[in-house]
1. Please compute the net charge surrounding residue 167, taking Lys and Arg as +1 and Asp and Glu as -1 over other residues with Cβ under 13 Å from its Cβ.
2. Roughly how much of residue 113 is accessible, in Å² to the nearest 10, using a 1.4 Å probe?
3. What do the square roots of 5 times the Cα gyration tensor eigenvalues come to for region 51-162, in whole Å, largest first, as semi-axes of the equivalent ellipsoid?
4. Could you please tell me the mean projected area of the C-alpha convex hull for region 112-180, averaged over all directions and given in square nanometres to one decimal?
5. Using a 1.4 Å probe, how large is the accessible area of residue 104, given in Å² and rounded to the nearest 10?
6. Between residue 133 and residue 98, what FRET efficiency follows from the Cβ-Cβ distance if R0 is 45 Å, with the result rounded to 0.05?
7. How many nm separate the modelled label positions at residue 174 and residue 62, each set 7 Å beyond the Cα in the direction of the Cβ?
8. By how many nm would the segment from residue 17 to residue 202 grow when fully extended, if each residue of separation counts as 0.36 nm and the alpha-carbon distance is taken off?
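The values are calculated or read from the model by the stated rules, or taken from the named source; none is laboratory data. Nothing here was measured: the structure is a model prediction, and the numbers come from that model. Neighbour counts run over all protein chains shown; Cβ positions are idealised from the backbone, glycine included. Calculation scope for accessible area: heavy atoms of the full protein, side chains included, ligands and nucleic acids excluded. Shrake-Rupley method; radii C 1.70, N 1.55, O 1.52, S 1.80 Å.
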Amino acid sequence: MNNKSIKTHFDINVFITFLVLLLAGLALFSFRLNSEVDCSNVDFEIISNSYTTEDLIEFKSTDTSGFNWTWNFGDNESEAYRSDVVHQFKKPGRYSVSLKMNGECVASREIVISKDKIVRDAKLIPNIVVPKKVRVGDEVEFFNDSKFATSWQWSFGETAAVDGNDRREKYTYRSPGEKTILLVVNGDRRHEAKRILTVYPSKKKERIGRSRNASAPIENVLATIPEAPTEEKPVVKDVNSVDEPPYIEISNEDIKDMLLRYSVRNLDDVSIRNYFCVTNIPVFNKSGNVLQLANFLKLYGMLR
């Protein structure tokens, strides 16, 4: 048999098809390898000196590669969506706290909450210096004068976040009502300080409220005025008595109208003084202080 008679046939199309499939497989493997999320470092720490229903407990993610966080505290409360959050458990018990990071990686820990009363050292509770009166829209300054404090965490009662980290902080309230001021110094949450601060409406809103209820103080005065007698009794004049101003007959409705007009200064003081025989009815001067009518008339030279 002659070897020259054996012929070899090689199809170039088969080679090209094989090469394309090989490259596609390598690309798919590389994509899957690069798209996998590394969850090995996903974890969080729990920061608190104690674990009771009175504590604000801090939860902080330790993986710096995160860009999306979802916290579930296992107590049917709302989830939180930041890397560092603060949470307070309302009831004692055992809770499973979980963190889902970047939509895929999950880390969880179990925490036991008790309701034992915390024993605090009064010397370690920081003092909060706050103004006496605060209004919506005004910039308020808060200050801690504790000499042992080296770091500060302020919360001014409108958000769940830390609002400041300096000894002296400024804040502007956006809504009226009672606000709970919290201060933690030196990271010691066991000795955190709390103050209740009442935030009043802005001056503009208060002026509108007063103008609509300008008759309110006078209404309280009217409640002290007795009803007119149904029968008139004869008046026996004492010959030794000093002449008194003439008796003026006026209805309760007229008195009410007169006092309301006087409260908004549509009626002057001289026009009403002859209508009163009792001088202990309270009135208001321009500064807002309450005066007896006799003192009011003496102040303005109407009564000797």
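1. -1
2. 10
3. Ellipsoid semi-axes (Å, largest first): 30, 20, 14.
4. 6.4
5. Counting only protein heavy atoms, the figure is 120 Å².
6. Here the calculated transfer efficiency is 0.50.
7. 3.5
8. 58.8 nm
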